[in-house]
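Following: one structure in structure tokens, then a few remarks.
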Amino acid sequence: MSDSASPYFKKIEHIGIAVRSLEEAIPRYERLMGSRVYKREVVESEGVETAFLQCGPNKIELLESRRADGPIALFLEKRGEGMHHIAYAVEDIRSEMQRLNQEGFQLLNNEPKAGADGKWVCFLHPRGASGVLTELCQDRD
Ligand code: ZN
């Protein structure tokens, strides 16, 4: 790894894409990427169902809303289907949350939450990242 690499963000863990229907989006993405969804998972706390595809060391997370008033439903209403967030892998989510809080970034949750695909996650407000909703995630071992 070069010296110019972020010492905190290890890689882009995944990119989240808001879709109206997983039933439609999954075959489309499987055709696009030439690979199969390896996991589908409901995350009740977020009101979403997710589907994951692997892309090298990174993943694509398709997100469908399970609640009319959930964050993905509101996003689709406002912006339509499209890129929803970027998730970065971190080694120690609590120390990252503390660092970013001290740096003036607005955390959207004060405690790490259990996210999809075996991760602890925390979201940062898009205004701190040039309009991009940003997720930190750490393996939940
Ligand atoms: Zn995510």
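The values are calculated or read from the model by the stated rules, or taken from the named source; none is laboratory data. For clarity, every value in this text was computed on a predicted model and none was experimentally measured. A quick note on method: Cβ atoms are made from the backbone with ideal geometry, for glycine too, and the neighbour counts reach across all protein chains shown.
For this structure, a couple of remarks:
- Unmet requirement for GLU111, which otherwise passes all of (1) among the acidic types (Asp, Glu); (2) closer than 16 Å to ASP139 by Cβ; (3) away from the ligand (no atom under 16 Å from the Cβ): (2)
- Of everything in region 131-141 that is over 16 Å from GLY82 (Cβ atoms) and assigned to a loop (DSSP other than H, G, I, E, B), the residue that is nearest to the ligand (Cβ to nearest atom) is ARG140.
- Residues that are of a type outside the set (D, E, K, R) and within 17 Å of HIS125 (Cα to Cα) within region 64-88 comprise GLY70, PRO71, ILE72, LEU74, PHE75, MET83, HIS84, HIS85, ILE86, ALA87, TYR88, listed in sequence order.
- The number of residues in region 28-54 that are within 16 Å of the ligand (Cβ to nearest atom), surrounded by 14 or more Cβ atoms within 10 Å (Cβ to Cβ) and either assigned to a strand (DSSP E or B) or on the phi < 0 side of the Ramachandran plot (or both) comes to 14.
- Selection of region 106-127 for residues being buried (at least 16 other Cβ atoms within 10 Å of the Cβ) and more than 14 Å from the chain's Cα centre (by Cα) yields only LEU107.
- Matching entry among LEU22, LEU74 (being more than 21 Å from VAL132 (Cβ to Cβ) and either surrounded by fewer than 19 Cβ atoms within 10 Å (Cβ to Cβ) or in contact (Cβ under 8 Å) with a residue 60 or more places away in the chain (or both)): LEU22
- Single unsatisfied condition, ASN101 versus (1) under 17 Å from TYR8 (Cβ atoms); (2) of a type outside the set (Val, Ile, Thr); (3) not in a helix (DSSP H, G or I): (3)
The rows are residues; the columns are (1) out of contact with any strand residue (DSSP E or B) (no Cβ under 7 Å at 6 or more places or on another chain); (2) within 14 Å of the ligand (Cβ to nearest atom).
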position: LEU63; (1), (2): no, yes
position: ARG66; (1), (2): no, no
position: ASP69; (1), (2): yes, no
position: GLU103; (1), (2): yes, no
position: LEU107; (1), (2): no, no
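- Among the candidates LEU63, LEU32, residue that is closer than 24 Å to GLY131 by Cα, without any contact (Cβ under 8 Å) to a residue 60 or more places away in the chain and among the hydrophobic types (A, V, I, L, M, F, W, C): LEU63
- Unique match (being within 26 Å of ARG36 (Cβ to Cβ) and at pLDDT below 95) among ALA68, ALA114, ALA87: ALA114
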